[in-house]
Structure formats: structure tokens, C-alpha cells
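**Q** Take this structure, written in C-alpha cells, and hold onto it; I'll ask about it next.
The values are calculated or read from the model by the stated rules, or taken from the named source; none is laboratory data. Being a predicted model, the structure only gives us computed values, none of them experimental. Note that each Cβ is placed from the backbone with ideal geometry, even for glycine, and that neighbours are counted across all protein chains shown.
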């Protein structure tokens, strides 16, 4: 476990040191490049955030399906009830993914 801790700390240190290496010099014309950089960082961040949200939603939907299948296997008489609850849970998970997509569009839409 200590190896992983050192790897994480070293990666975090390298990431924080890279921030100063990417600093823009002062002077004329830096504003336009800064605006482009900020907008592109917003787009990349929104894409990564939505990818994470969709990935974890897929994992959650898989777990819901697994739980429903196990529940029906243990009690076949309750299959219709389990199926109803499963469909409601899947709809709620999917609505959260659509909400994340809406947030992505809002973040990208406010770019100048």
C-alpha cells in the first residue's frame, strides 16, 4: 500500500509543478491565447466529467441488473415487482446521466 501512496504523491507533485511550467508570459497578445486556453480547458473538462458520469452510470446500471437478476432467481414469484423497481432505478440513473449531459452543454454553451 505504501508503494501506491508514494506513486500518488509523486504524480500529484509532478502535476502541481507542471502548472508553473505552463504559465504564460506577460505582454501583448496573451489575452487572446488565454481565452482560447480557458475555453479549450472547459471543453476538455466537460468531456472528461461527462465520460466519468456515464461510466459510473453504466457500472450502476450493471449492478442494478445484477441485483434484479439475483432477486428473481431467489424468488421467482416476485419477478414483476422486482422488474418494476429495476426499471424505476434504471430510469433514475439514466436521468442523472442526462442531467450531466445538460451541465456539459451549459458549460460549453457559455463560452465566448
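**Q** Looking only at the range 48-61, count how many residues are surrounded by 12 or more Cβ atoms within 10 Å (Cβ to Cβ) and farther than 13 Å from residue 105 by Cα. It would help to see each step written out before you state the result.
**A** From the range 48-61, those surrounded by 12 or more Cβ atoms within 10 Å (Cβ to Cβ) are 49-51, 53-54, 56-58, 60-61; that's our starting set.
Within this subset, residues satisfying the condition of being farther than 13 Å from residue 105 by Cα are 51, 53-54, 56-58, 60-61.
Residues in the range 48-61 being surrounded by 12 or more Cβ atoms within 10 Å (Cβ to Cβ) and farther than 13 Å from residue 105 by Cα: 8 in total.
**Q** If the requirement is being over 19 Å from residue 104 (Cβ atoms), at pLDDT 85 or above, in a helix (DSSP H, G or I) and touching a helix residue (DSSP H, G or I) at 6+ places or on another chain (Cβ under 9 Å), which of these qualifies: 45, 67?
**A** On the way: 45 fails: over 19 Å from residue 104 (Cβ atoms).
Residue meeting the stated conditions: 67.
**Q** Exactly one condition in (1) at pLDDT below 95; (2) in a helix (DSSP H, G or I); (3) touching a helix residue (DSSP H, G or I) at 6+ places or on another chain (Cβ under 8 Å) is not met by residue 34; state its number.
**A** It fails just one condition, (3).
**Q** Tell me, yes or no, whether the range 16-27 has at least one residue that is touching a helix residue (DSSP H, G or I) at 6+ places or on another chain (Cβ under 7 Å), exposed (fewer than 13 other Cβ atoms within 10 Å of the Cβ), modelled with pLDDT under 95 and part of a loop (DSSP other than H, G, I, E, B).
**A** Residues of the range 16-27 that are touching a helix residue (DSSP H, G or I) at 6+ places or on another chain (Cβ under 7 Å), as a first pass: 24.
Next, from what is left, pick out any that are exposed (fewer than 13 other Cβ atoms within 10 Å of the Cβ): 24.
Narrowing the set further to residues that are modelled with pLDDT under 95 leaves 24.
Add one more test, that the residue is part of a loop (DSSP other than H, G, I, E, B), and what stays is 24.
The answer is yes, given that some residue of the range 16-27 is touching a helix residue (DSSP H, G or I) at 6+ places or on another chain (Cβ under 7 Å), exposed (fewer than 13 other Cβ atoms within 10 Å of the Cβ), modelled with pLDDT under 95 and part of a loop (DSSP other than H, G, I, E, B).
**Q** Determine whether residue 82 is free of Cβ contacts under 8 Å to residues at least 24 places away in the same chain, surrounded by 14 or more Cβ atoms within 10 Å (Cβ to Cβ) and farther than 26 Å from residue 109 by Cα.
**A** Details: free of Cβ contacts under 8 Å to residues at least 24 places away in the same chain: yes; surrounded by 14 or more Cβ atoms within 10 Å (Cβ to Cβ): yes; farther than 26 Å from residue 109 by Cα: yes.
Answer is yes for this residue.
**Q** Next question, about the same structure. Do the conditions hold for residue 5, that is, is it surrounded by fewer than 10 Cβ atoms within 10 Å (Cβ to Cβ) and either assigned to a helix (DSSP H, G or I) or at pLDDT 85 or above (or both)?
**A** Details: surrounded by fewer than 10 Cβ atoms within 10 Å (Cβ to Cβ): yes; either assigned to a helix (DSSP H, G or I) or at pLDDT 85 or above (or both): yes.
Considered against the rule, which asks whether it is surrounded by fewer than 10 Cβ atoms within 10 Å (Cβ to Cβ) and either assigned to a helix (DSSP H, G or I) or at pLDDT 85 or above (or both), residue 5 comes out as yes.
**Q** Continuing with this model, one more query. Can residue 98 be described as within 30 Å of residue 35 (Cα to Cα), free of Cβ contacts under 8 Å to residues at least 12 places away in the same chain and either assigned to a helix (DSSP H, G or I) or out of contact with any strand residue (DSSP E or B) (no Cβ under 9 Å at 6 or more places or on another chain) (or both)? It would help to see each step written out before you state the result.
**A** Working: within 30 Å of residue 35 (Cα to Cα): yes; free of Cβ contacts under 8 Å to residues at least 12 places away in the same chain: yes; either assigned to a helix (DSSP H, G or I) or out of contact with any strand residue (DSSP E or B) (no Cβ under 9 Å at 6 or more places or on another chain) (or both): yes.
When the stated conditions are applied, residue 98 passes them.
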